[in-house]
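As structure tokens, the structure follows; a few thoughts come after it.
Just so it is clear, none of the values below were taken in a lab; they were calculated from the coordinates. Since the model is a prediction, treat every value here as computed from it, not as a measurement. Reconstructed Cβ throughout: ideal geometry from the backbone, glycine too, with neighbour counts over all protein chains shown.
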Amino acid sequence: SISEVSLDQIEVNPFQPRTNFDKVALQELSESIKLQGIIQPITLRKLNNNSFQIITGERRFQASKLANLKKIPAYIREADDQQMLEMALIENIQRQDLNAMEIALSYNRLLAECNLKQEELGDRVGKNRSTVTNYLRLLKLPPDIQVAVRDGKLSMGHARALINVEDTAVQLSIFKKILSEDLSVRKVEALVKQAAFPEEEEESEGLSDQRVKEFKVWQDKLSSHFGTKIKIAAKDNEKGEIKIPYTSVSELNRLLEIIDPQ
């Protein structure tokens, strides 16, 4: 059921994953609320008889204050702190205007603070494991590149390509080249391939062009699935090795969980 709750009885969510609200968009929402009212009620949890805390809908709450409303329609739910965090994060992830870094940080918080595994997280947010892994991998990028992704200066495609470069200095060098020359994702992938697999051309000697292309496709698919650079070292058209590197025991455990989730 929907209740009308006084705005001065409502506290903001201390677990709110979004720290910045666009002032222009907030003012536009406020003007819309003045004309149309609140179309979608916010969700609250009851703290005591006189106070409530926002689970989801802080933008609508803030815009309602700007519109000088006295009350706001709300659903009242029971939730502990972990449920508060989980619902707030998932609601934000489902928004269309989140940038890739906000999504990655929200995924990471769900894993760390809500004790979820990647497969459980995927179920919660309606994404497959590889999609979740690709976002989490963004957190391994240098801060300058993460900021560029957050600010929309670098696309998710560019960032995903840069992740496959292990040397931070090389990553930053390619990153600067992307900005100065406005490189396409395909050109960046070519630069990354040269940096990440300098020995690949030598190892591919004796293979047919078609076989080399097939290995590249499978190499990319495996790298995306495992969330780390995978190398297929082919000895000839029939035999070879699949190399899965790891940099720590926790990274090894993560890879083993993907191989055997049981």
Item checked: Helix 249-259 axis, angle to the chain major axis (alpha carbon atoms, nearest 10°) -> 90
Check: From the Cα gyration tensor of segment 123-189, with a ≥ b ≥ c the square roots of its eigenvalues, which class applies: rounded if a/c is under 1.5, or else prolate if a/b is larger than b/c, or else oblate?
Finding: prolate
Next item on the list: Using packing as a proxy for protection, rank 6-14, 135-143 so that the peptide with the highest average count of other Cβ atoms within 10 Å comes first.
Entry: 135-143, 6-14
Notebook entry, point to check: Between residue 32 and residue 139, what FRET efficiency follows from the Cβ-Cβ distance if R0 is 45 Å, with the result rounded to 0.05?
Noted result: 0.80
Item checked: Rounded FRET efficiency, nearest 0.05, which uses the C-beta distance separating residue 80 from residue 24 and R0 of 51 Å -> 0.90
Next item on the list: Distance check, please: which entries in 213/239; 177/243; 23/71; 117/221; 117/231 exceed 24 angstrom between their Cα atoms?
Entry: 177/243; 117/231
Next item on the list: Mind running the shape call on segment 16-165? Use the C-alpha gyration tensor, a ≥ b ≥ c as the square roots of the eigenvalues: rounded below 1.5 for a/c, prolate if a/b tops b/c, oblate otherwise.
Entry: oblate
Checklist line | Burial ranking of peptide ranges 222-231, 119-128 (average Cβ count within 10 Å, highest at the top) | finding: 222-231, 119-128
Check: Sorted by mean Cβ packing within 10 Å, highest first, what order do the peptides 28-41, 49-62, 72-85 take?
Finding: 49-62, 72-85, 28-41
Checklist line | Given (1) 22.7, 67; (2) 16.8, 48; (3) 23.4, 77, the label whose value is Rg and Dmax of the Cα atoms in Å derived from this model | finding: (3)
Notebook entry, point to check: Percent relative contact order of the chain, based on C-alpha pairs within less than 8 angstrom and at least six residues apart?
Noted result: 13
Item checked: R0 of 41 Å, Cβ-Cβ distance residue 123-residue 66: FRET efficiency to nearest 0.05 -> 0.65
Notebook entry, point to check: What is the spin-label model distance, in nm, from residue 49 to residue 213 if the labels are put 7 Å beyond Cα along the C-beta direction?
Noted result: 7.5
